[in-house]
1. Looking for something surrounded by fewer than 22 Cβ atoms within 10 Å (Cβ to Cβ), without any contact (Cβ under 8 Å) to a residue 40 or more places away in the chain, of a type in the set (Ser, Thr, Tyr) and at negative phi - is there at least one such residue anywhere in the range 132-144?
2. Pull out all pairs, ordered by first then second residue, where Cβ-Cβ is under 8 Å, the residues are six or more apart or on different chains, the first lies in the range 75-90 and is in a helix (DSSP H, G or I), and the second is of a type in the set (Val, Ile, Thr) and modelled with pLDDT under 95.
3. Answer yes or no as to whether Leu86 is open to solvent by 20 Å² or more (accessible area, probe 1.4 Å) and not aromatic (Phe, Trp, Tyr).
4. Within the range 40-55, track down each residue that is more than 13 Å from the chain's Cα centre (by Cα) and in contact (Cβ under 8 Å) with a residue 24 or more places away in the chain.
5. Against the condition within 25 Å of Glu19 (Cβ to Cβ) and over 13 Å from the mean Cα position of the chain (by Cα), how does Gly58 come out, does it pass?
6. What single numbered condition from (1) touching a residue at least 40 places away in the same chain (Cβ under 8 Å); (2) assigned to a strand (DSSP E or B); (3) of a type in the set (A, V, I, L, M) fails to hold for Val64?
7. Could you say whether any residue in the range 97-105 is out of contact with any Cys (no Cβ under 9 Å at 6 or more places or on another chain) and aliphatic (A, V, I, L, M)?
8. Pairs only if they're at least six apart or on different chains, beta carbon under 9 angstrom, first in the range 1-16 and under 10 Å from Ser121 (Cβ atoms), second surrounded by fewer than 13 Cβ atoms within 10 Å (Cβ to Cβ) and among the β-branched types (Val, Ile, Thr); list them, first residue then second.
Amino acid sequence: MASVTFQGNAVTTVGELPEVGQPAPGFTLVKADLGEVTLEELSGKRVILNIFPSIDTGTCATSVRKFNEEASKLENTQVICVSADLPFAAGRFCGAEGIENVITGSTFRSSFGEDYGVTFSSAPLTGLLSRSVVVIDADGSVLYTEQVAETTEEPNYEAAVAVL
């Protein structure tokens, strides 16, 4: 169980992020069009998982914008923005913002949060996902992880992209 903060108050998650060098846990997420995206179908591509509580908060929205910008510069790399938001919210946001270089993935029908250890298990964010980044290589191994210590702060974009 990881311990981070939200607005300075300690909160915990159900587990820990996968270890660097280990195979990434498989996942199935629901895209904005209600189709699914899986880690298996992305085999052979590098994957950046931008994980966050909700697209409807400023910091989360900023992370989607920044990773969308980075994704346009990366070859053979898919960025997936993962949250517990419904696919409709993510689709609305990306449509309004002109975001086209990332896929949004909702966890509402999956165990992603538990499998990656990022589901908050203490109030007030219980059930949402802890702000984290996981980078996976083309062979499915974890290259990089970051669980942001203060949930209201942005991840280290440069460090995530640098491992690619």
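The values are calculated or read from the model by the stated rules, or taken from the named source; none is laboratory data. Fair warning: this is a prediction, and the values are worked out from it, not measured in the lab. Cβ atoms come from the backbone with ideal geometry, glycine included; neighbour counts cover every protein chain shown. Heads up: the accessible areas ignore ligands, DNA and RNA and are worked out on the full protein's heavy atoms, side chains in. Shrake-Rupley method; radii C 1.70, N 1.55, O 1.52, S 1.80 Å.
1. no
2. Filtered contacts from the range 75-90: Ala89/Ile55; Ala90/Ile55.
3. Details: open to solvent by 20 Å² or more (accessible area, probe 1.4 Å): yes; not aromatic (Phe, Trp, Tyr): yes.
Against the criterion (open to solvent by 20 Å² or more (accessible area, probe 1.4 Å) and not aromatic (Phe, Trp, Tyr)), Leu86 qualifies.
4. Here is the first cut: in the range 40-55, the residues more than 13 Å from the chain's Cα centre (by Cα) are 40-46.
Within the range 40-55, Leu42, Ser43, Gly44, Lys45, Arg46 meet the criteria.
5. On the way: within 25 Å of Glu19 (Cβ to Cβ): no; over 13 Å from the mean Cα position of the chain (by Cα): yes.
So Gly58 does not fit the description; no.
6. With (1) touching a residue at least 40 places away in the same chain (Cβ under 8 Å); (2) assigned to a strand (DSSP E or B); (3) of a type in the set (A, V, I, L, M) applied to Val64, the lone miss is (2).
7. Here is the first cut: in the range 97-105, the residues out of contact with any Cys (no Cβ under 9 Å at 6 or more places or on another chain) are 97-98, 101.
Going one step further and asking which of them are aliphatic (A, V, I, L, M), we end up with none.
No, the conditions are met nowhere in the range 97-105.
8. These pairs meet every condition: Val11/Thr126.
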